[in-house]
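Here's the structure we're looking at; comments come further down.
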Amino acid sequence: MKNLKRLLKKYDVELIIFFLALAFSTWLMFSTFSYQNGEMQIASKAWSDFASHIPLIRSFSFGDNFPPEYPLFSGPPIRYHFLFYALVGLLEKGGLRIDFALNILSILGFSLLILMIYLFSKEIFKSKAVGILSIIFFLFNGSLGFIKFFSAFPLSKNSLFEIISNNKFISFGPYDGSIISAFWNLNIYTNQRHLALSYGLSLLLIYLFLKYKEDEKKENIKKSVFIGIVLGFSFILNMSVFLMTVVIFFSMFLFFGKKRIYIFTALIIGGLITLPQYLYIQSGGNSSFQIFLYFGYLVSRGSNFFEFINYWFQNLGLHFFLIPLGFFIASKNNKKILISFFSLFLIGNLFQFSPEIAANHKFFNYFIIIGSMFSAYALYFLWKKIVFRPLVLILFFLLIFSGIIDFFPIKNDTKIALSDYPVNKDIVWIMQNTKPNSVFLNTQYLYDNASLAGRKIFLGWPYFAWSQGYDTNSRDELRKTMLNTKDLNYFCKNVRQNNLSYAELSPTEDITVNKDFFEKKFISVYKNSQTDVSIYSLSVGCKK
């Protein structure tokens with residue numbers, strides 16, 4: 001009992017932070033995705049992302065997706081880091097409702113990240129205050145977005161009401177033409193549910209490395225083996241964060257001479273575990289890992305150095321100055337840590353790893369998490385000098401003001417209902433009458449019935465597969481041609497080549513379907529006059 005009390009007293013702050021993180025994470029995740037009366041309730045700001053996530057989850061819970069394929073682009077090996085959503089699918093398969101399955105893992109991942117931000121910053125700066133400040137800076141972004149807000153809503157007696165009733169993000173660059181990016185607010189974690197867990201796990205591995213003791217060589221080797229194993233499997237949790245973690249460890253390998261053998265051990269083991277995963281993903285043909293030189297991230301093409309500086313000043317806000325100040329006053333070892341993470345900022349501004357440069361935001365999100373710790377340390381350093389305390393209070397407010405404004409669009413967001421089984425009879429029929437490994441030729445892009453039933457479809461919303469390096473243009477042209485053809489031989493040739501089992505004809509405005517062709521040449525196995533959905537078996541009409 002005394003030992004328990006001693007532990008509770010020793011880790012009182014950590015326990016409080018963890019339980020507060022759990023409470024906040026629970027609200028955040030369930031407020032953006034829940035379930036009611038047979039309908040998924042999806043926040044409008046998460047609607048597009050979940051159109052990719054839910055089919056992937058269902059491919060593991062209701063479908064047969066091993067070896068894994070991307071269920072919205074059937075055929076080749078998956079190129080997406082699927083581990084998080086596969087775990088969610090297994091939880092649903094085990095009996096948990098999908099909102100609980102997804103939200104529980106999301107809550108644990110987001111809580112882990114918050115806890116690791118505290119532990120990591122406390123470890124390197126030896127200050128609980130810096131740890132708490134680092135969490136606050138993570139939750140509330142420091143961009144200069146508040147200036148744009150007040151240009152749209154001039155300061156007045158109604159300003160507080162306008163902030164708390166706001167349902168639109170201040171800036172959503174590059175999608176709204178704003179210079180300030182869409183990727184700094186919490187929306188990035190409610191939409192990309194696997195991201196917080198990936199960062200939290202990466203921080204944990206680096207934190208364990210920082211805790212090594214020079215006189216415990218055998219223990220350090222054991223820890224390095226553990227770190228290497230977790231690092232290796234993190235490749236299929238989040239490929240980008242895996243790459244970042246490797247880059248950080250390599251940078252630390254250069255700076256921390258006495259610990260090089262341990263880093264080398266972890267990287268070798270991680271590499272050996274990663275290799276077969278990488279080879280599987282690459283076995284589908286064109287490489288999904290293509291690296292291009294691309295200077296400046298989302299800074300306008302042809303911009304000069306001053307425009308580059310202006311871009312990052314507006315996106316980082318006062319962190320632009322406080323991170324360097326924190327670096328200047330930090331210890332030698334902490335300088336090495338920030339330089340190691342600064343490599344992510346450089347890489348994100350110099351290279352493109354996927355068809356969409358905006359995807360590089362993950363490099364900056366991670367760097368800002370660490371950079372904000374140095375801003376927190378700078379404020380803590382200034383606070384200790386009484387003369388600077390009024391300035392510190394002003395700086396603190398300006399560092400979180402945009403994040404406070406950006407919090408309310410998430411809180412005030414509306415939800416869109418998506419009918420699920422057993423309410424949606426089309427999904428029910430597919431689940432009960434088709435094999436889990438069936439592949440559907442589809443007419444509907446988003447939230448297709450077959451994909452919600454865990455089956456693979458020929459092509460979902462092209463952006464999802466395109467951003468992973470799949471040739472969506474060719475596939476979409478083939479899909480449109482097949483759906484409007486009169487040539488049975490041509491059609492069946494492509495059915496066999498793509499292992500298609502059924503054609504699912506749903507109402508759509510952006511594609512022409514030759515319904516007479518399907519009625520005359522194939523057996524109709526399902527029709528719903530209310531939803532105007534028809535399903536045709538392709539196995540009889542296209543005999544091998």
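The values are calculated or read from the model by the stated rules, or taken from the named source; none is laboratory data. Note that the structure is a prediction, hence the values are computed from the model and not measured. Positions of Cβ are backbone-derived with ideal geometry, glycine not excepted, and every protein chain shown enters the neighbour counts. Heavy atoms of the whole protein, side chains included, go into the accessibility calculation; ligands, DNA and RNA do not. Shrake-Rupley method; radii C 1.70, N 1.55, O 1.52, S 1.80 Å.
Per-atom-type breakdown for the chain gives carbon and sulfur 64% of the accessible area (1.4 Å probe, protein chains only).
For LYS515, the aspartates and glutamates whose Cα comes closer than 19 Å to its Cα, not counting residues fewer than 8 places off in the same chain, are ASP426, ASP448, ASP476, GLU477, ASP487, GLU504, ASP532. To make sure I understand the rule: partners must be aspartates and glutamates, Cα under 16 Å from the Cα of LYS336, and not fewer than 8 residues away in the same chain. Which ones qualify? The qualifying aspartates and glutamates are GLU123. Magnitude of the charge dipole for region 466-544, about its Cα centre and with charges confined to Cβ atoms of Lys, Arg (+1) and Asp, Glu (-1), is about 500 debye. Across the options LEU446, SER34, ALA51, the greatest Cα extent toward the positive end of the charge dipole of the chain (unit charges at beta carbon of Lys, Arg, Asp, Glu) belongs to SER34. Highest average first, the peptides 68-75, 36-43 ordered by how many other beta carbon atoms sit within 10 Å of their residues are 68-75, 36-43. Dividing the helix sum by the residues of the chain, where each DSSP H run of 4 or more adds -39500 (n - 2.57), gives a mean residue ellipticity at 222 nm of -19000 deg cm²/dmol. Applying the Kirkwood pairwise sum to the alpha-carbon positions of region 225-266 produces a hydrodynamic radius of 10.5 angstrom.
Based on alpha carbons, the Rg and Dmax found for region 304-437 are 22.6, 74 Å.
Distances between placed amide hydrogens fall under 5 Å for GLN444 paired with SER506, all partners being 5 or more residues away or on another chain. Taking one quarter of the surface of the C-alpha convex hull of the chain gives a mean projected area of 29.8 nm². Round to the nearest 0.05 the FRET efficiency obtained for ASN433 and ALA358 when R0 = 41 Å and r is the Cβ-Cβ distance. E between ASN433 and ALA358, to the nearest 0.05, is 0.50.
In whole percents, the pair-distance distribution calculated for region 83-135 from its alpha-carbon pairs, binned every 5 Å from zero, is 5, 22, 19, 12, 10, 10, 11, 8, 3. Here region 111-150 was treated as a single set of alpha-carbon atoms; its pair distances binned every 5 Å from 0 give 6, 25, 24, 16, 11, 9, 7, 2 percent.
One decimal place: the segment ASN167-GLU477 gains 107.8 nm when fully extended, by the rule 0.36 nm per residue minus the C-alpha distance.
Would you compute the Debye intensity of region 1-143 from its alpha-carbon atoms alone, equal scatterers and no solvent, and pass along log10 I(q)/I(0) at q = 0.15, 0.16, 0.22 Å⁻¹ to two decimals? One equal scatterer on each Cα of region 1-143 leads to -0.88, -0.94, -1.27.
Think of each Lys and Arg Cβ as +1 and each Asp and Glu Cβ as -1; about the Cα centre, that makes the dipole of region 298-402 roughly 460 debye. Model label points for VAL225 and ALA23, set 7 angstrom from Cα along the Cα-to-Cβ axis, are 4.2 nm apart.
Over the chain, accessible surface divided per residue gives 45 Å², non-protein components excluded, 1.4 Å probe. Placing unit charges on each Cβ (+1 for Lys and Arg, -1 for Asp and Glu) gives region 354-429 a dipole about its Cα centre, and among LEU391, GLY403, PHE367 the Cα reaching farthest toward its positive end belongs to LEU391. May I ask you to derive the FRET efficiency for SER539 and PHE313 from their Cβ-Cβ distance with R0 = 60 Å, giving the value to the nearest 0.05? So the FRET efficiency works out to roughly 0.45. Cα convex hull, region 112-198: 130 Å³ per residue, rounded to a whole number.
When the chain is described by a simple charge dipole with +1 on each Lys and Arg Cβ and -1 on each Asp and Glu Cβ, the residue from PHE169, PHE458, LEU112 located farthest towards its positive end is LEU112. Counting only lysines at least 8 places from LYS217 when in the same chain, those with an alpha carbon closer than 21 Å to its own are LYS258, LYS259.
Taking the average, over residues, of other Cβ atoms within 10 Å as the packing measure, peptides 268-276, 399-407, 149-157 rank 399-407, 268-276, 149-157 from highest down. The distance linking region 237-297 with region 387-401 is 39 Å (Cα centroid to Cα centroid, whole angstrom). List the pairs from LYS211/LYS335; LYS480/LYS520; LYS486/LYS527; LYS415/LYS456 whose alpha-carbon separation is above 24 Å, in the order I gave them. Beyond 24 Å: LYS415/LYS456. For region 28-74, pairs of C-alpha atoms spaced more than 13 angstrom apart make up 62 percent of the total. Membrane-span-like helices of the chain, defined as complete DSSP H segments with a Cα extent of 18 Å or more along the helix axis and a mean Kyte hydropathy of at least 0.0, are identified as 12-32, 47-61, 98-125, 193-210, 217-233, 239-255, 260-282, 332-350, 361-383, 389-411. Please report how far the C-alpha centroid of region 69-108 lies from that of region 355-369, rounded to the nearest whole angstrom. Computed from Cα coordinates, the inter-centre distance equals 23 Å. Simple spin-label estimate for ARG260 and LYS217 gives 1.6 nm between the two label positions (7 Å along the Cα-to-Cβ direction from each Cα). Charging the Cβ of each Asp and Glu at -1 and of each Lys and Arg at +1, and nothing else, the dipole of the chain about its Cα centre rounds to 1920 debye. Each other residue within a Cβ distance under 14 Å of PHE120 adds +1 if Lys or Arg and -1 if Asp or Glu, for a net charge of +2. Computed over region 36-114, the Cα gyration tensor eigenvalues convert (square root of 5λ each) into semi-axes of 20, 15, 14 Å, ordered from largest to smallest.
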